[in-house]
Amino acid sequence: MIKLSCKVPHKIEIALSGGPDSTAALYFFKNSGRDVSAAFFHHGTETSEKSYLYVENMCRKLDVPLRLAKITHDPDTYQNLEASWREERYKFFEGADCPVVTAHHLDDAVEWWIFSSLHGEGKLIPRVRDRFLRPFLLSRKDDLIDICEKNTASYWEDKTNFLIDRPRVLIRNKMIYDCLKINPGLHKVIKKKYLKEIEDERKSR
């Protein structure tokens with residue numbers, strides 16, 4: 001059973017990529033009776049175009065309004081392509097007329113905690129940041145895939161997620177297994193941190 005890590009209002013926009021996580025978020029909140037729309041950021045790549053076809057078909061099937069932005073500049077003009085994409089994505093999503101839900105989950109949180117620990121201090125992915133809501137941080141990726149399966153929802157799996165040429169992907173596909181050998185309960189440790197944060201917020205009201 002999904003337990004949300006933050007309050008989610010009636011009207012929301014889902015940051016939709018076509019992958020299993022955001023697809024699950026779309027179905028979950030659509031089935032909850034909320035007023036749901038979606039937004040897709042097209043990176044101007046072949047992979048992004050394939051993702052978009054999934055997203056467009058999904059939104060048409062569910063009768064969900066879709067907002068789209070596409071990069072129009074030459075990506076070679078940027079020294080750090082990933083950073084420029086991230087900056088433009090956030091600008092686009094910040095243009096929504098309601099809170100934006102992203103599908104970050106507990107596995108993402110563990111990866112980020114490991115990554116940030118290696119850079120000096122272990123950090124949690126914020127449950128709420130400005131207009132961005134991350135309600136699935138108490139849930140595992142498998143829980144989101146279960147939502148897709150229960151709704152017979154197809155999704156696009158980006159093959160670059162299985163490479164190890166980027167730090168976060170290296171952690172996800174290689175380092176995490178060694179970390180779990182040292183501490184098999186690592187996901188529970190990070191989940192407890194979130195639950196304490198939620199409880200502390202409740203007490204401070």
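The values are calculated or read from the model by the stated rules, or taken from the named source; none is laboratory data. All of these numbers come straight from a predicted model, not from anything done at the bench. Positions of Cβ are backbone-derived with ideal geometry, glycine not excepted, and every protein chain shown enters the neighbour counts. Accessible surface areas use protein heavy atoms only, side chains included; no ligands, DNA or RNA. Shrake-Rupley method; radii C 1.70, N 1.55, O 1.52, S 1.80 Å.
When the surface is traced with a 1.4 Å probe over the full set of protein chains, Arg168 keeps roughly 70 Å² accessible.
Under the combined filter of DSSP loop state and at most 13 neighbouring Cβ atoms within 10 Å, region 77-150 retains these GluC sites (Glu not before Pro): Glu94, Glu121. In plain terms, the C-alpha convex hull of the chain casts an average shadow of 12.6 nm² when viewed from every direction.
Residues in region 98-106 carry Karplus couplings, in order, of 7, x, 10, 9, 10, 9, 4, 10, 5 Hz; the curve used is 6.51 cos²θ - 1.76 cosθ + 1.60 with θ = phi - 60°, and Gly or Pro positions show x.
What you get for the chain, charging only the Cβ of Lys and Arg (+1) and of Asp and Glu (-1), is a dipole of about 920 debye around the Cα centre. Which shape class, rounded, prolate or oblate, goes with region 119-205 when its Cα gyration tensor gives a ≥ b ≥ c as root eigenvalues, a/c under 1.5 marks rounded, and past that a/b bigger than b/c marks prolate? Here region 119-205 falls in the oblate category. In nanometres, what is the gap between the two model label sites at Ser204 and Thr47, each 7 Å from Cα along Cα-to-Cβ? If labels sit at Ser204 and Thr47, their model points lie 3.7 nm apart. Relative contact order for the chain: 27 percent, from Cα pairs under 8 Å spaced at least 6 residues apart, divided by residue count.
Selection among Pro99, Ser204, Asn57 by position relative to the dipole of the chain gives Ser204 as farthest towards the positive end (Cβ unit charges, Cα centre).
Per residue of the chain, what 222 nm ellipticity follows from adding -39500 (n - 2.57) for every DSSP H run with n ≥ 4, rounded to the nearest 500?
Numbers: 8 runs with 94 residues, N = 205.
For the chain, the value works out to -14000 deg cm²/dmol.
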